[in-house]
1. At a Förster radius of 51 Å, what calculated FRET efficiency corresponds to the Cβ-Cβ distance of ASP34 and ARG197, to the nearest 0.05?
2. Order LYS185, LYS28, LYS4, LYS219 by their accessible area, 1.4 angstrom probe, all chains in place, largest first.
3. Note down the nm distance, to one decimal, between modelled labels 7 Å out along Cα→Cβ at ASP75 and at GLU301.
4. Taking square-rooted eigenvalues a ≥ b ≥ c of the alpha carbon gyration tensor, is region 1-121 rounded, prolate or oblate, where a/c under 1.5 means rounded and, failing that, a/b exceeding b/c means prolate?
5. For a label point 7 Å from the Cα of ARG24 along Cα→C-beta, name the residues of region 94-124 whose backbone N is under 16 Å from it.
6. Taking the Cα centre of the chain as the origin, how large is its charge dipole in debye, to the nearest 20, when only Lys and Arg (+1) and Asp and Glu (-1) carry charge on their Cβ atoms?
7. If you bin every alpha carbon distance in the chain into 10 Å steps from zero, what whole percent lands in each bin?
8. Mind computing the radius of gyration and Dmax over the alpha-carbon atoms of region 142-189? Å is fine for both.
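The values are calculated or read from the model by the stated rules, or taken from the named source; none is laboratory data. The structure presented is a predicted model; accordingly, all values stated were derived computationally and were not measured. Every residue, glycine among them, receives a Cβ derived from its backbone with ideal geometry; neighbour counts consider all protein chains shown. Surface areas here come from the heavy atoms of the whole protein model, side chains and all, with no ligands, DNA or RNA. Shrake-Rupley method; radii C 1.70, N 1.55, O 1.52, S 1.80 Å.
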Amino acid sequence: MTPKITTLTLNPTIDLACEAAEVRPVRKIRTSGDRADPGGGGVNVARVVQELGGEVEAVILAGGVTGHFLEELLDEIRLPRRSVPIAGRTRISHTVLDRSRGEEFRFVAEGPEVSESEWRAALAALETLPEGSWLVASGSLPRGVPEDFYAHVAAIAQARGLRWVLDSSGPALAAGAGRGAELIKPSQGEFEALVGRSLRAPGALEAAAREAVAQGLAKRLAVTLGHEGALLATEAGTLRLPALPVEVRGAVGAGDSFVAAMTLALARGATDEDAFAWGMAAGAAAVSNAGTAHPTRAEVEQLRSRLEPGRLG
């Protein structure tokens, strides 16, 4: 039986998305295809885990009328959730696709300020998770939350026997790294910021990833590279896979989809290579759909069938 996966999102968002014939300054821009999705790192992960057949619950901070709207959107898709109430209003972000240029404009709101009692309530929610379950801590930290927040999450995971995954950036990622995570998934830029140097020279990324795992950064390190694919490093070595050729219709939630599928595969007992391939398939399926983290199970399975995982070494 696959263990339950819980996701934690401190700075969730309502993702508004639409298309416009052309984005130009000053003039009124009429849009079409308008949609609203529940979003934020852990929310996106939870949606994809659910789509792929996993048991999941999303722990979110939610406040104000926008927080109620976020909860309504989650309830509409029947995603199990546990809300931690906050005084501030949940943020709204906006993505506009300019059809004339095929370019996507993403406007990401900062979000509310969170008090100490509120972020500590989020930690308290994790204290009830059953031993052996999986926890995915994903996304940015809102204002008011200390940079070492994910170190607190790691301490709870270790104390309760949880297997945890981290997907963040900057100081928040640095604070959580090296604390027993099963998987950490930065982009190349986020990984370069973490190690403090450029990794663009041939072989530099692979060497740095191997070094990071050897130093205990995480049991597995997956570095996503956009259209160049992704790199996986474990104690057994490294493996690089190219991006699957798909028509790109949106990029919101692609990394979260990767994390969701790879985590679910690991929770189901897959090998590292197989789990990595599932992550690649879900990320490709996500970018081939408009809106936030909308890969379908059929699409992910079809793309996975096209991948030869290879071997770590």
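1. Once the sixth-power term is evaluated, E becomes 0.75.
2. Ranked list, largest accessible area first: LYS28, LYS219, LYS4, LYS185.
3. Those two pseudo-labels are separated by 3.2 nm.
4. Oblate.
5. 98-102
6. Dipole of the chain, to the nearest 20 debye: 280 debye.
7. Over the chain, the share of Cα pairs per 10 Å bin runs 6, 28, 36, 23, 6, 0 percent.
8. 10.6, 32
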